[in-house]
Structures are given as C-alpha cells and as structure tokens.
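The structure appears right after this line, and notes come after that.
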Amino acid sequence: MDAKRSKLTFSLILIVGVLTVCPVVMLVIGSFSEGLTAFGSFTLQKYVEAYTDPALAEIILNTVIFVLGSSTLATVLALFLSYLNNRTDIPCKFMFRIISIIPMMIPHILFSVSWALLLNPSNGLINLVLKQAFFLDHAPLNIYSLWGMILVEGLLDLPIAYLIIAPAMASFDVALEESSKVCGASPLRTLFRVTLPVLRPAILAAFILGVVRSLASFAVPSVIGMPGRVYVLATHLYQMIATGFSVDYGKAAAIGMSVLAASVTLILVYRALTSESEKYVTISSRGYRPTVIPLKGARIPLFAVVALLSFVLIVLPVVVLFYTSLVPYSMVPSARAFSLMSWKHWIEVLRDPISLLSLKNSLMLGLGGATLGVILSVFVAYTIVKVRTRAAGILESLSFLSFSFPGIVIGMGFMWFFVRTPLYATIWALLIGYIATYLPYGIRPLASAFIQVHSHLEESSLVCGASRMTTMRRIIIPLLVPGMVSGWILMATMFVRELTLSVVLSRPGTEVLAVQILRFAEDGLWGRLSALGIMMIFISTILVILANLVGARFKPMEGGG
C-alpha cells in the first residue's frame, strides 16, 4: 500500500513540477539567451539593455504608484464595509455578501472596458452628460490616467480584500474596546490604539494580496493605461513581445525575472502573516459577546453609500455594456438613442469568423480544461491531505507555487518552454498553461473536502476487499461532489475569462474571447466588444448554473439515502 502511495506521490510531483517549475527555469534561461530560438548562446546583454533603458525609471514609478494606490483603496474600502457589516445596525446586510462574490464573476477586462465607456474623454457617457448639462467645451474627466487605473483596479480588488478582513472583524472581541473606553480613551484613540492593531494581520494580508494582484494585473493597464500612454511593468512587457516591429523576448524575460521575484517574495510574506494570525486571537473560552453599534442618524446615509457602491460594482458594468452593444455609436441615453437601437453589433460578431473561433476555443478550454484540471486536483488534494509524507509536503509547495506567478511573466516562460515543441502556437499550449497556472483554484476546495472525509471509510472499504481505485470511485468521489463542483466552477470561469496568459501564448487560429475583446478595444470597436463581452458573461453564468445543477443531482442523499 505504501509503495503504491509513494509511486502516486512521486508521479504527481513529476507532473506538477513540470507544469510549474519548467516555465520558471525556461524564463531564467531565456533571460540569458540571444533570442527565442537561440538556446546555447548565453549573454548578459539583455539584462544590460533592459535595466539601462531610460524609460524604465518612469515605468517603475508608475507601477509603484498604481500598485500601492489600488491596494490602499481596496483595503480601506474593504475595512469600511467590513466594519459596517459586522459592527453596526446598517440595514440590508445581504448586500455585503453580494458585493463580495458577484463582482468576481465579471471578467476584469469587461469591467475595465465599462469604465472606459463611461469616462473616456472623447465620448464617455458620463463626460457627454456633464458636457451637455454644464455647456463644457472639454470633457471634465479622463479615465485614461494613473488615477483612473487606481480607481478601477481598487474596485476590482475590493472583493478579495473584503473576504480577508470581514471574518477577522466578525470575530473581534469588543471587550477590548470597552476596556479602552472605560480607561478614558476617546473613540478615535480606541480605533487607532486597539481596533486596528488587533486587526493588523488581516489588514496587512489583504493589502499584500492586493499588491500581488495589481502587480500581475494586465486588463486595467492595457485598456485604461495604454490609451493614455501610462505604462506599468505589465504593459511594458506586453509591448516588448506583442507590439512593434522588433520584438525582444530576451529583454522581456530579463524584466520579467524582477517581477516574478517581487511577486514570489510578497506571497511568502502573505503566507507568513496569515500563519501567525493565532497571535492575535481575541476569542477564547471565556465569554464572547458580539455587540452592534447603533448608527442612529448616519444609518440611512451610510446605507446609501453601500447601495451606490453595489450599483457601481455590479449593475453599472453590465448595463453599460448591454446599452453600448445596441446603439450605433456612443451617445447619451435619450429618446433618439433608444429609437436607433438595433442588434447590428451582435449580428456582426456572430458573422465574424475570428470571434466565432475565439468563442469555440474559450468554450473548449473552459469545459475540457476545467475537467482535466479537476481530475488532476483530485489526486493532488488526496495526496496532500491523506498521505502526509515529506514528499506530499513538496507536492503541496509545488502545487501552490503558481499562485504567485504573474500571468504575463509566466506566459513568457511557457513560450520559451513550448517554442521547440510541436505544442507551440496550438490550443494545447493554452490548455497546459491554464491548468498549470490555475491548479491551486482546483486543489483548495478539494483539499477542504478531503479533510472532511474520515479515513475510517476508506479503510473499511479496503478491509472488505475493494481495490484502492474501487474505493476512490465508489466511496470517496461521491462524497467529494460539492468540492469537485466548486473547483470546476472556479477553474471553468477562470479559463473562459483568462487574458494575461493568453495574450502571450495565443497566436492566429488560437484566439480566445478575452484576447478578441482586447483586439476590439484596441481598434475602438466598442459595439462589437460589448456584444462579445455580454456573451462571455452569459457563458460564465450558464457554466455556473449547469455545474450547480449537476452537483445537486449527484450530491449524496442526506440521512444515508
């Protein structure tokens, strides 16, 4: 039995190691190579050229401002919402759960595009309304700027920050605050000397994860930053490998190494912070009584703020995209605009062979890739949770390594990896890259499900003479259906909306939805872009509903039925 488990563990280490370590190794080799196909001819020239570029200083400064600004905005908003939800009597608290989950279903590129449609200086809907209302000659707002990037990225990272801070806020023992007040401290002093220090691990974890996500972000810098000539490291790398007449993969790999090192370091800091959270536990065996602070006169105004935020995060992006897909060009909603509405852009998209090909490719990657990813995740999660050897610990570290990889950087590693194989420029390269990058999203829910399955069930089946595969098929898998459905939904939705890896690996014939939407944005075809974007949201929603229906169909009957 142990020999079979060891064989399984080492086989999985080999598979996951190839998927996660090989791209990093190839990125390192590529950064010292003359060109994409010039292996064996090593040089430091690419590092010298990359880091002596006069434009690099401004790009790094923009990146630092963008990353810190958006992370701070997301963390402060998440802290504000968490406090209102857990500590006050604000009405309609179900809205906080909606804010934290539903925005994750809207692809980042579509969220960015919707804000570009609202606030671009030439024909943004809000700018058109303000110009008509106040008889202005110029647009008062310009989303194509650093502050515009910070605003949109901060709103995109808000749900993740909220999901980290809200549980810590919910478990906060208010006796500490009451003791501070009894000692004569003002509410403001209590906030800064008691509340925020106790919540420091959760706040720092949310901030650092926001930094990692915004450092890896490509949708916002490409859709909002590039039109305004505000470049950060992600778009700087994209320009090197995907635009212009002289692409330089070695130079891009040299810059990518710094981004990768920064991201991996931040993830290590994040894991250290979350692992030390026990030091700040405030709920013990003694009495714990969460109290609700009455907002009194501020109750309705604060509820209005939350409602406005919900509208901006959830309703506005979808409504703006649908409206733009129906009007012939950007125009303020009016009787004339509604009279001109048609399905013209939808018909053009459905007759466009590249859009149809991208739709087909994304569906295939979403359905097939997520299924393969969940199958691999089942075996990896089983080994991590049930085997618990030193080799299983190595497998766990390898499987979560890709979580710290910025998509566009690891995409370059995969490109170096595939370039000498028949997989280069094929849909299979995208499939392998997707599974390798998003494997933690499948493993995490399945590992949680495996923890809940007691080992006595497995041992009883083996004692009765069943083989290990029969035990897995007839005992373990049926109990894992909820975890498998969660993992499949996460991976399928990630694959359908994937952009950062796809812009590097996608080639003519292997276009996917997010890449085609980016092409439409670069060409200013907002109507077609909006129609295709609504189709992407519709497909993601249908996948989630179908997966839930299948999960409910195969869910084990309660009461042992």
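The values are calculated or read from the model by the stated rules, or taken from the named source; none is laboratory data. It should be emphasised that the depicted structure is a prediction, and the values quoted were computed from it without experimental measurement. Note that each Cβ is placed from the backbone with ideal geometry, even for glycine, and that neighbours are counted across all protein chains shown. Side chains are part of the model used for accessible areas, which takes the heavy atoms of the whole protein and leaves out ligands, DNA and RNA. Shrake-Rupley method; radii C 1.70, N 1.55, O 1.52, S 1.80 Å.
Some observations on this one:
- Lone qualifier among Ser506, Ser399, Ser461 - being of a type in the set (S, T, N, Q), over 19 Å from the mean Cα position of the chain (by Cα) and buried (at least 24 other Cβ atoms within 10 Å of the Cβ): Ser506
- For the range 252-273, the count of residues that are touching a strand residue (DSSP E or B) at 6+ places or on another chain (Cβ under 9 Å), in a helix (DSSP H, G or I) and buried (at least 18 other Cβ atoms within 10 Å of the Cβ) is at least one.
- Selected residue (only one of Pro317, Pro294, Pro328 is open to solvent by 50 Å² or more (accessible area, probe 1.4 Å) and at pLDDT 80 or above): Pro328
- Filter result (modelled with pLDDT of 75 or more and part of a loop (DSSP other than H, G, I, E, B)) within the range 35-50: Thr43, Leu44
- Matching residues, the range 392-426, being small (Gly, Ala, Ser) and farther than 11 Å from Met26 by Cβ: Ala392, Gly393, Ser397, Ser399, Ser402, Ser404, Gly407, Gly411, Ala425
- Qualifying residue in the range 342-351 (condition: more than 21 Å from the chain's Cα centre (by Cα), in contact (Cβ under 8 Å) with a residue 60 or more places away in the chain, under 30 Å from Thr437 (Cα atoms) and surrounded by 16 or more Cβ atoms within 10 Å (Cβ to Cβ)): yes
- Contacts under 9 angstrom Cβ, first residue in the range 432-456 being farther than 23 Å from Phe417 by Cα and touching a residue at least 24 places away in the same chain (Cβ under 8 Å), partner open to solvent by 50 Å² or more (accessible area, probe 1.4 Å) and of a type in the set (Lys, Arg), 6 or more apart: none
- Checking Met169, Met149 one by one, the residue that is over 21 Å from Tyr329 (Cβ atoms), crowded, with 19+ Cβ neighbours inside 10 Å and modelled with pLDDT under 90 is Met169 and no other.
- Pairs where the first residue, in the range 105-132, is within 17 Å of Leu525 (Cβ to Cβ) and the second is surrounded by 17 or more Cβ atoms within 10 Å (Cβ to Cβ) and of a type in the set (Lys, Arg), C-beta under 8 Å, 6+ apart: Ile109/Arg497
- Sole exception among (1) under 15 Å from Ile13 (Cα atoms); (2) at pLDDT 85 or above for Leu398, by number: (2)
- Residue check for Leu363: over 26 Å from Ser486 (Cβ atoms), out of contact with any helix residue (DSSP H, G or I) (no Cβ under 6 Å at 6 or more places or on another chain) and not basic (Lys, Arg): no
This table checks each residue for (1) loosely packed, with under 15 Cβ neighbours inside 10 Å; (2) of a type in the set (S, T, N, Q); (3) within 18 Å of the chain's Cα centre (by Cα); (4) closer than 22 Å to Val76 by Cβ.
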site	(1), (2), (3), (4)
Val182	yes, no, no, no
Arg189	yes, no, no, yes
Val223	no, no, yes, no
Met226	no, no, no, no
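- Near pairs, Cβ below 7 angstrom, 6+ apart or cross-chain, from the range 191-206 (on the phi < 0 side of the Ramachandran plot and open to solvent by 50 Å² or more (accessible area, probe 1.4 Å)) to any residue that is modelled with pLDDT under 80 and not in a helix (DSSP H, G or I): Arg193/Ala185
- Single residue of Thr63, Thr72 found to be in contact (Cβ under 8 Å) with a residue 40 or more places away in the chain, more than 22 Å from Met412 (Cα to Cα) and part of a helix (DSSP H, G or I): Thr72
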